[in-house]
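Please treat every number below as a calculation from the coordinates, not as lab data. Given the structure is predicted, the values throughout are model-derived calculations rather than measurements. Ideal geometry is used to build each Cβ from the backbone, glycine not excepted, and the neighbour counts take in all protein chains shown.
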Amino acid sequence: MPHDTTPEPVTVLGLGAMGTALADAFLAAGHPTVVWNRSAAKAEPLVARGAVRAATPAEAVAANPLIVACVLDYDVLRTVLAGAEPVLAGRTLVNLTSGSPEQARDLADWAAAHDLAYLDGAIMITPPGIGGPHATLLFSGAPDLLARHRATLAALGEPVDLGPDAGVAGLYDTALLGLMWSALTGWLHGVALVGADGVRAADFTPVATRWLAGAVVGFIDRYTTQVDAGHYPGDDADLDIHLAAMRHLLHAGRARGVDTALPELLARQAEQAIAAGHGADSYARLVEVMRK
């Protein structure tokens with residue numbers, strides 16, 4: 001039998017910057033889209049592009065079997081859905097609201113008690129990137145839900161399935177944001193350091209991104225196996241060598257009046273591992289310091 005290629009209708013709850021971008025992407029992909037926002041005026045540009053504005057959350061939920069929510073936080077979402085409880089049964093909620101893994105698991109339990117299928121998600125792009133080639137969305141919850149709605153959700157970005165535990169998407173989200181902030185802070189520290197000697201960020205950055213994309217990604221690939229095995233052979237560069245280089249970074253920063261909080265943290269963790277007898281291990285050994 002031929003597959004139905006008719007675009008799936010969808011309801012979007014919440015029209016902040018991200019919610020508006022989600023609704024825009026659905027409309028651009030041809031999906032009939034119902035929208036609701038506490039401040040109704042925010043829906044007007046979307047209505048002009050073909051969306052249907054619902055007067056209440058209950059009306060918005062009742063309009064379609066698939067509901068996508070992106071509001072301020074989980075408490076706000078609970079408040080919004082509380083008015084729609086009589087029409088929740090048999091529908092699917094894809095929650096793209098930011099929150100903790102524990103909140104996602106609690107909401108999944110609440111949804112199950114209302115016969116509402118639940119898929120938790122995390123958006124790994126800013127609003128202007130929604131629907132673009134670099135947009136990635138992480139999903140966790142019942143795998144059949146993502147499979148069923150993948151074509152619709154793909155209008156927002158590449159869907160990535162993280163398994164049946166509803167809390168995992170939020171867990172990845174927070175971990176990946178930590179990675180982003182760490183990388184950006186490291187780059188900014190480098191910009192400040194070389195800038196103290198008159199080097200422009202525009203000159204430093206191409207070298208930095210080449211280093212990140214090549215050598216640093218290579219380290220991550222190598223250390224992934226070590227972390228999972230709990231075995232950290234220092235055959236590329238051991239912690240004693242890393243600490244010596246960190247001390248050069250500290251000296252260079254102090255000599256130039258650049259903040260040294262970041263390299264001090266790195267050196268302190270390396271010193272802890274070395275003091276515990278792991279100076280000959282690889283940099284990946286520091287995961288044990290972080291776990292403690």
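Details
- Applying a DSSP loop filter and a limit of 16 other Cβ atoms within 10 Å to the trypsin sites (Lys or Arg not before Pro) in the range 197-227 leaves 200.
- In sequence order, the range 225-237 has phi-based couplings of 5, 5, 5, 5, 8, x, 10, 10, x, x, 7, 9, 7 Hz under the Karplus curve 6.51 cos²θ - 1.76 cosθ + 1.60, θ = phi - 60°, and Gly or Pro positions carry x.
- With coordinates expressed along the principal axes, the C-alpha atoms belonging to the range 10-170 extend over 38, 38, 25 Å, beginning with the largest.
- Working from the Cα coordinates of the chain, the gyration tensor eigenvalues give, after taking √(5λ), semi-axes of 45, 22, 17 Å in decreasing order.
- Between the beta carbons of residue 199 and residue 290, assuming R0 = 30 Å, the FRET efficiency works out to 0.40 to the nearest 0.05.
- The slack between residue 255 and residue 115, meaning 0.36 nm per residue of separation minus the straight C-alpha distance, is 44.1 nm.
- Axis of helix 143-153 versus longest Cα principal axis of the chain: the two differ by about 80°, to the nearest ten degrees.
- Whole-Å distance, taken between Cα centres, linking the range 1-76 and the range 179-200: 40 Å
- Relative contact order for the range 70-135, counting Cα pairs under 8 Å that sit 6 or more residues apart, in percent: 34 percent
- At an R0 of 30 angstrom, the distance between the Cβ atoms of residue 176 and residue 231 translates into a FRET efficiency of 0.70.
- With 0.36 nm allotted per residue and the present C-alpha distance subtracted, the residue 28-residue 6 stretch has 6.5 nm of extension available.
- In degrees, nearest ten, helix 201-211 long axis to first principal axis of the chain (Cα): 90 degrees
- Among 90, 72, 112 - extreme Cα towards positive end, dipole of the chain, charges at beta-carbon: 72
- Contact order for the range 1-137, expressed relative to its length and based on alpha carbon pairs under 8 Å spaced 6+ residues apart, stands at 22 percent.
- For residue 53, the residues 5 or more places off, or on other chains, whose built amide H falls under 5 Å of its own are 35.
- The chain: angle of helix 261-275 to the longest principal axis, Cα-based, in degrees nearest 10: 70 degrees
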